[in-house]
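Reading through the structure tokens given below for one structure.
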Amino acid sequence: MVFATWFGSETLLGASSEFIDKGFLGVIEDPFGAALCLILIGLFCARKLYRLNLLTFGDFYRLRYNRSVELVASFFLVISYFGWIAAQMVALGIILNLITGISLTNGIIGGALVVVVYTYMGGMWSVSITDFMQTIMIIIGLIFVTVSLIIQLPITQVFHNLSPDFFQLIPKSRAGSVEWINYFALWITIGLGSIPQQDVFQRVMSSKSEQVAVYASL
């Protein structure tokens, strides 16, 4: 469920396109920064949050500070989701458009309605079931695509056509301070910025035990 939430359609479609154009440096924010966020949660946050037995991250701010901080934090938590959710809905709409031929707008609206309905009917349990199935489909699909591409095009030929710095994980040594600041920002945007988020919090709190909450994130 954590995997499906963190590495869903926006990662498969958006990050893969960036990877083709820019190599590893194009996907530092997602999925590398996103993976960093889950590791930090598993190591430092999951166990402590689970023991608090809260319902929302806003409850944590009220417990730690006061009601005013809870309201302000909750407001910004809500608006911070618009871009992220929009990216997933657009990606879903693109997939439906390619598979069924319906318009992108109708695909987005239809996908959104399905998600809202099953979440409303079953809460986190229905989300966990659909996420579980989604993860299986993603993994099987990636394996199928990988095998198909290897059959069509030898790996040696693929590597031969890549630029020399395609797999470079850090900026070049001659990069200026601005490039390094931007690089650092890519790591922490999701790596740190998504730690105090409701979706991570929900999955930690709905785990069977604190051990599951930790191991699932890792």
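Taking the condition of being of a type outside the set (Ser, Thr, Tyr) and open to solvent by less than 30 Å² (accessible area, probe 1.4 Å), how many residues in the stretch 1-19 meet it?
Selection size over the stretch 1-19: 6.
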- request: Taking Val204 as the residue in question, decide whether it is open to solvent by less than 30 Å² (accessible area, probe 1.4 Å) and either part of a helix (DSSP H, G or I) or touching a Ser or Thr at 6+ places or on another chain (Cβ under 7 Å) (or both).
  value: yes
query: If Asn97 satisfies every condition in (1) touching a Gly at 6+ places or on another chain (Cβ under 8 Å); (2) within 20 Å of Asp30 (Cβ to Cβ); (3) at pLDDT 90 or above but one, which is the exception?
result: (2)
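When you go through Val127, Val158 one by one, which is the residue that is more than 22 Å from Ile28 (Cα to Cα) and out of contact with any strand residue (DSSP E or B) (no Cβ under 7 Å at 6 or more places or on another chain)?
Matching residue, one of Val127, Val158: Val127.
I need the helices (runs of 4 or more DSSP H) fully contained in the stretch 1-62, keeping only those with at least 3 residues that are touching a residue at least 12 places away in the same chain (Cβ under 8 Å). Explain how you work it out, then say what you get.
Working: elements: 2-6, 16-22, 34-40, 46-52.
In the stretch 1-62, the matching helices (runs of 4 or more DSSP H) lie at 2-6, 34-40, 46-52.
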statement: Only unsatisfied item for Thr119, checking (1) part of a helix (DSSP H, G or I); (2) modelled with pLDDT of 90 or more, is (2)
query: Which of the residues that make up the stretch 170-194 are surrounded by fewer than 17 Cβ atoms within 10 Å (Cβ to Cβ) and part of a loop (DSSP other than H, G, I, E, B)?
result: Ile170, Pro171, Lys172, Ser173, Arg174, Ala175, Gly176, Leu192, Gly193
statement: Those residues of the stretch 106-129 which are under 20 Å from Leu55 (Cβ atoms), open to solvent by less than 80 Å² (accessible area, probe 1.4 Å) and without any contact (Cβ under 8 Å) to a residue 24 or more places away in the chain amount to Thr119, Gly122, Gly123, Ser126
Output for the stretch 20-39, where each listed residue is open to solvent by 30 Å² or more (accessible area, probe 1.4 Å), more than 18 Å from Trp84 (Cα to Cα) and not aromatic (Phe, Trp, Tyr): Ile20, Asp21, Lys22, Leu25, Ile39
- line: Listed by first then second residue, the pairs whose first member lies in the stretch 143-163 and is closer than 19 Å to Gly23 by Cα and open to solvent by less than 70 Å² (accessible area, probe 1.4 Å), whose partner is at pLDDT 90 or above and part of a helix (DSSP H, G or I), with beta carbons under 9 Å and at least 6 positions apart or on separate chains, are Leu162/Gly23; Ser163/Gly23
- prompt: Based on what the data block shows, is Phe167 part of a loop (DSSP other than H, G, I, E, B) and either polar (S, T, N, Q) or surrounded by fewer than 16 Cβ atoms within 10 Å (Cβ to Cβ) (or both)?
  reply: yes
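The values are calculated or read from the model by the stated rules, or taken from the named source; none is laboratory data. Source: prediction; values computed, not measured. So basically every Cβ, Gly included, is an ideal-geometry build from the backbone, and we count neighbours across all protein chains shown. These accessible areas exclude ligands, DNA and RNA; they are computed on the full protein's heavy atoms, side chains included. Shrake-Rupley method; radii C 1.70, N 1.55, O 1.52, S 1.80 Å.
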